[in-house]
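The values are calculated or read from the model by the stated rules, or taken from the named source; none is laboratory data. Model, not experiment: these values are computed from the prediction. A quick note on method: Cβ atoms are made from the backbone with ideal geometry, for glycine too, and the neighbour counts reach across all protein chains shown.
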Amino acid sequence: MNPVFADLPTTIFEVMSRLARETNAVNLGQGFPDDPGPEDVRRKAAEAVISGWNQYPPMMGLPELRAAIAAHYRKWQGLDLDADAETMVTSGATEALAGALMAILEPGDEVVLFQPMYDAYLPLVRRAGGVPRFVTLQPPDWRITEEALAAAFTPKTRAVLFNNPLNPAGVCHTRDELDLIARFCVKHDAIAICDEVWEHVVFDGREHLSMMALPGMRERTVKIGSAGKIFSMTGWKVGLVAAAPKLMRVLSKAHQFLTFTTPPNLQAAVAYALAKEDAYFHGLRAGLERSRDRFSNGLAQLGFRVLPSQGTYFVNIDIAPLGERDDAAFCQRLVREQGVAAIPVSAFYAQDAVNTVVRFCFAKKDATLDAALERLAAIAPAARPREV
Ligand code: PMP
Ligand code: GLN
């Protein structure tokens, strides 16, 4: 068996969701909203199942979806994409990530990864023969510095795998940080594989800036999005890929033997949805921002140290002030004793882990968030007797 997978534990998202079911806990672990998603988009998909085409769609994606991807990113991110030569539809962002790594890496190529990193990255890099080089980010700001990049990039660097906005940290990296990475990519002739699945989930008036829009990056960026995140239906595995033609030709070769296609009915609905009026996208952000505020303020009132959340479905707390040093053990107790499932952020590190940060998903109904806060009150600093 291949040790990359043979030695791998089950992903923390599955573990915590299963525990949440078993213990009847409020599940703020795995990131998914508890509303059903926009009804018009679901109707489009349903109509497409009943009356549409249910055979193989074209390998690169339905033409109307590829056109919608180009139009959407032109409008929202100022990118000029040729739908035919520069877009592709995959079965989720996960397939796009796996395919990009398979297409780009040769055994021994180095890949710069930023910890905390989404848990799929490292096994996929390793299985593609890549050698990870870590940049480790620290709370509460999780900032990327020139010194850290200088230590991670080497003459063997082939690619950077960069997630912005960053899950699990909930930060949006700044223009300066993107410029810095771009500068290193150009200098080392490296490709940036950019996981931008949270591009629409940004708060406080922020606008997402794609790495692809930076000077020198247009030809060396693989931009990856996910309809599941843009339309609050995480089970819809529809990945949106953009890359210059030279890169896309190779990405498509990996895609053709990974999944070849993605269900056509979901593609048709996503094509419709990407063209939705601005109000939908602003409403998505406003709704999630409200939930973020409700939950973050609730946590702060209970006395928890809350780290700022600028984007994604997630907010983190620092558990060090509670005297806790082991986020994984803390999360096990939290789900079993308090009935709240969360994610230990150490699961997103391969080495030098931060062990005192815990992630909560706030993309939930008010009642769900309030129920979680009620349960968390029992272990809150505000509820603890003061030391004398
Ligand atoms: N990358 C990141 C950073 C994510 O948070 C997620 C899902 N939450 C994915 C990739 C996977 O996206 P998809 O479900 O479209 O495969
Ligand atoms: N990306 C989601 C999260 O961060 C989970 C995805 C999954 O369960 N594979 O919670």
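A quick yes/no check of all residues on (1) within 30 Å of residue 210 (Cα to Cα); (2) in contact with a Lys or Arg (Cβ under 9 Å, 6 or more places away or on another chain); (3) away from ligand 1 (no atom under 16 Å from the Cβ); (4) among the basic types (Lys, Arg):
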{"residue": "4", "(1), (2), (3), (4)": "no, yes, yes, no"}
{"residue": "27", "(1), (2), (3), (4)": "no, yes, no, no"}
{"residue": "39", "(1), (2), (3), (4)": "yes, no, yes, no"}
{"residue": "43", "(1), (2), (3), (4)": "no, no, yes, yes"}
{"residue": "49", "(1), (2), (3), (4)": "no, no, yes, no"}
{"residue": "53", "(1), (2), (3), (4)": "no, no, yes, no"}
{"residue": "78", "(1), (2), (3), (4)": "yes, no, yes, no"}
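I'd like to check something: does the stretch 88-99 contain any residue that is of a type in the set (D, E, K, R), surrounded by fewer than 22 Cβ atoms within 10 Å (Cβ to Cβ) and within 22 Å of residue 281 (Cα to Cα)? Checked the stretch 88-99: no residue is of a type in the set (D, E, K, R), surrounded by fewer than 22 Cβ atoms within 10 Å (Cβ to Cβ) and within 22 Å of residue 281 (Cα to Cα). For residue 290, the conditions (1) away from ligand 2 (no atom under 16 Å from the Cβ); (2) in contact (Cβ under 8 Å) with a residue 24 or more places away in the chain all hold with the exception of (2). Return a yes/no flag: does the stretch 262-271 have any residue that is outside any helix (DSSP H, G or I), surrounded by 19 or more Cβ atoms within 10 Å (Cβ to Cβ), modelled with pLDDT of 95 or more and not basic (Lys, Arg). Yes, the stretch 262-271 contains at least one residue that is outside any helix (DSSP H, G or I), surrounded by 19 or more Cβ atoms within 10 Å (Cβ to Cβ), modelled with pLDDT of 95 or more and not basic (Lys, Arg).
For the stretch 100-158, filtering for residues that are within 16 Å of ligand 1 (Cβ to nearest atom), within 20 Å of residue 90 (Cα to Cα) and β-branched (Val, Ile, Thr) leaves 1. For residue 321, the test of being of a type outside the set (Ser, Thr, Tyr), out of contact with any Cys (no Cβ under 9 Å at 6 or more places or on another chain), assigned to a loop (DSSP other than H, G, I, E, B) and at negative phi is failed. Checking the structure you have, find out if any residue of the stretch 45-67 is at pLDDT 95 or above, exposed (fewer than 12 other Cβ atoms within 10 Å of the Cβ) and under 20 Å from residue 338 (Cβ atoms). No, the stretch 45-67 contains no residue that is at pLDDT 95 or above, exposed (fewer than 12 other Cβ atoms within 10 Å of the Cβ) and under 20 Å from residue 338 (Cβ atoms).
Restricting the first member to the stretch 351-369 and to residues that are without any contact (Cβ under 8 Å) to a residue 40 or more places away in the chain and over 18 Å from residue 139 (Cβ atoms), and the second to residues that are within 13 Å of ligand 2 (Cβ to nearest atom) and in a loop (DSSP other than H, G, I, E, B), no beta-carbon pair is closer than 9 Å while six or more apart or on different chains.
Residues in the stretch 319-360 that are surrounded by fewer than 20 Cβ atoms within 10 Å (Cβ to Cβ), within 23 Å of residue 113 (Cβ to Cβ) and acidic (Asp, Glu): 352 only.
Apart from one condition, residue 40 fits all of (1) closer than 25 Å to residue 261 by Cβ; (2) surrounded by 16 or more Cβ atoms within 10 Å (Cβ to Cβ); the exception is (2). Scanning the stretch 235-252 for residues that are in a loop (DSSP other than H, G, I, E, B), away from ligand 2 (no atom under 14 Å from the Cβ) and of a type in the set (Gly, Ala, Ser) yields a count of 1.
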